[in-house]
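**Q** One structure, as structure tokens, below. Some questions next.
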Amino acid sequence: MHKIIFLSVILSLLVGCSTIITVPVDATPLSDDESTLVIYHEQGINDEFKVYVDNQLQGTVTSEKPLKIKVNPGKHQLYADAGLIRQISNFTFEKGEVYFLKVWVDFGDRFVGSTEIEPSSKIEKYVVRSFKQ
């Protein structure tokens, strides 16, 4: 019950301070010899998510700005850090391919949350709330 009240208050505060925007996604490969990762976040949370590949910081994802990087083909561990519990995901990437990965926050039970990265189908754009005024 407390969780529902808390989330309702937070959502009502956020809705009054935001605008709906469409974010384009560039699916062009960065390299023919490496794998291209397009990492995005569409939950509309006004946070930055630092993205790590094999424990190396690659950049930051926000709801308004996806991250596009290239990695060597093969097996990699990815996670996103936003000060919550990190869930490490294992992926295998092929040479010359473009992969879409979604960062999302699982609010969990009793206010314990985690940040996760999961595969996504190809997208050209997504719609989110922008908190920039």
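**Q** Please state which one of Gly44, Gly83 is part of a loop (DSSP other than H, G, I, E, B) and surrounded by 15 or more Cβ atoms within 10 Å (Cβ to Cβ).
**A** Details: Gly83 fails: surrounded by 15 or more Cβ atoms within 10 Å (Cβ to Cβ).
On inspection, the qualifying residue turns out to be Gly44.
**Q** Could you please find all residues in the stretch 82-112 being within 25 Å of Ile20 (Cα to Cα) and either at pLDDT below 90 or of a type in the set (Val, Ile, Thr) (or both)? Steps first, answer last, please.
**A** The first filter runs over the stretch 82-112 and keeps only residues within 25 Å of Ile20 (Cα to Cα), leaving 82, 100-107.
Of everything in the stretch 82-112, those that are within 25 Å of Ile20 (Cα to Cα) and either at pLDDT below 90 or of a type in the set (Val, Ile, Thr) (or both) turn out to be Ala82, Val103, Trp104, Val105, Asp106, Phe107.
**Q** Could you please find all residues in the stretch 49-72 being surrounded by 15 or more Cβ atoms within 10 Å (Cβ to Cβ) and part of a loop (DSSP other than H, G, I, E, B)?
**A** Listed by number, the residues that qualify are Ser63, Glu64, Pro66.
The values are calculated or read from the model by the stated rules, or taken from the named source; none is laboratory data. This one's a predicted model, so the numbers in the text were calculated from it and none came from an experiment. Here Cβ is always computed from backbone atoms with ideal geometry, including for glycine, and neighbour counts include all displayed protein chains.
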